1. Most fluctuating residue of ASP176, ASP247, ASP228 in a GNM of the chain with Cα springs under 10 Å: which is it?
2. Taking H placed 1.01 Å from N in the peptide plane, check which residues at least 5 places from GLY257 or on another chain put their amide H under 5 Å from its amide H.
3. Explain nothing, just the number: relative contact order of the chain, from Cα pairs under 8 Å at least 6 residues apart, as a whole percent.
4. Magnitude of the Cβ-charge dipole of the chain, K/R +1 and D/E -1, about the Cα centre, nearest 20 debye?
5. Can you list the residues, at least 5 places off or on another chain, whose amide H is less than 5 Å from the amide H of ASP315, using H built in the peptide plane?
6. Could you give me the percent of Cα pairs per 5 Å distance bin for segment 250-354, shortest bin first, beginning at zero and ending with the bin that holds the maximum distance?
7. Taking a quarter of the surface of the convex hull around the Cα atoms of the chain, what do you get in nm²?
8. Test of understanding: what is the full-extension gain from ARG205 to ALA111, defined as 0.36 nm times their sequence separation minus their Cα-Cα distance?
Amino acid sequence: MGFSQNWPRPEKARPIVIIGAGGIVVDSHMPAYRQGGYEVAGIWNRSRDRAEAVAETFGIPKVFDSIEEVAAQKDVIFDLASSHHVHADMLEKLPDGAPVLIQKPLGVDLAEASRILEICRRKSLTAAVNFQLRYAPMMLAVRDAMAKGFFGQLTEIEVHLNLVTPWHLFPTLERDPRVEIVSHSIHYIDLIQSLVGLPKGVVSRNYSYPGSKLTDTRTTAILEYDNDLRVALSINHHHDFGRSHQDSSIRFEGDEGAAVVKLGVLLDYPHGEADELWMGKRGGPMEQVPLNGHWFPDAFEMIMNNMQRFVSGEDDVLMTNVESAWQTMAIVEACYASANRPLEPVPNLSKGAS
């Protein structure tokens, strides 16, 4: 099953300047850029000590003293990898017309996403959001298979997570009024949006967990499309009962073919397991498809490949541009709005229903 798993590298790349020095930079951005052969010209963080530590670890030649010094750099790609709480302020400081890859999400809600979109348009920024699941090798293969008609008419997309997520690694989430969808399931919503477009509507419920400091860490959601396509998410981050029944998968099914993806990094995060892709035709067995890489860190390289190639004119499409990211945020917002609406009550015979 020879479906494409790669986004080609640019013929000539610009240096990258990183804004932020958190765990995502250490675990994903820098390994991906090193793997892709990209030059990282410098890094800045509010904590200079943190920036210096990352620079020393990866051999980054320059630690900038201020965001103003960062913004003065010419002919670079800005990698905005800081907290989403400061993205709008950082974008205001970048030079007009600059190319910038923004760490997801695009704000914490649709109002903030709209503010960021307005800034990017006003300043003519070539801006994309790091929704890198779209670029994971197995997801590129699924996208290519869909484009080539492998599935026939698509009938099912189901995201199922039943695992343990070490939320203590993300202490800043404790102050957020919204957590699970906007910080995690947004990846799946963005992927679905990129494959089958905007849903007609959503039904969603979010749940807290006993003893957790986070507002919500479990989700049930239905994205409504035409009657023949069922799209559902069932997300539980608290299945701490051993590995045997943990799951981290997305199933794509049509009237002719099917694919099941294992998101290995989420199992025993951050160490993870290998990603897997299984595909098959109706009536036959599912067969494992060899992968050329994994979600982490390969997708971070692929999204930078697209960014670089779009800036150089080699690509016509910037797949996760801010307009597309805003549409993902609109679905997220609709999920939270749905979660706040009352459900249809069920008649209770013991209370006198006839």
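1. Its mean-square fluctuation being the largest, the pick is ASP228.
2. GLY152, ARG282
3. Values: 685 pairs, mean separation 76.7, N = 354.
Contact order relative to length: 22 percent.
4. Working: 33 positive and 46 negative charges, 72 e Å.
About 340 debye.
5. It is PHE310, by chain and number.
6. In whole percents, the pair-distance histogram is 2, 9, 10, 10, 13, 17, 14, 9, 5, 4, 3, 2, 1, 1, 0.
7. So the mean shadow area of the Cα hull is 20.7 nm².
8. Values: separation 94, 0.36 × 94 = 33.84 nm, distance 2.09 nm.
Result: 31.8 nm gained on full extension.
The values are calculated or read from the model by the stated rules, or taken from the named source; none is laboratory data. What you see is a predicted model, and the numbers here were worked out from it, not measured in a lab. Every residue, glycine among them, receives a Cβ derived from its backbone with ideal geometry; neighbour counts consider all protein chains shown. Side chains included, ligands, DNA and RNA excluded: accessible areas come from the protein's heavy atoms. Shrake-Rupley method; radii C 1.70, N 1.55, O 1.52, S 1.80 Å.
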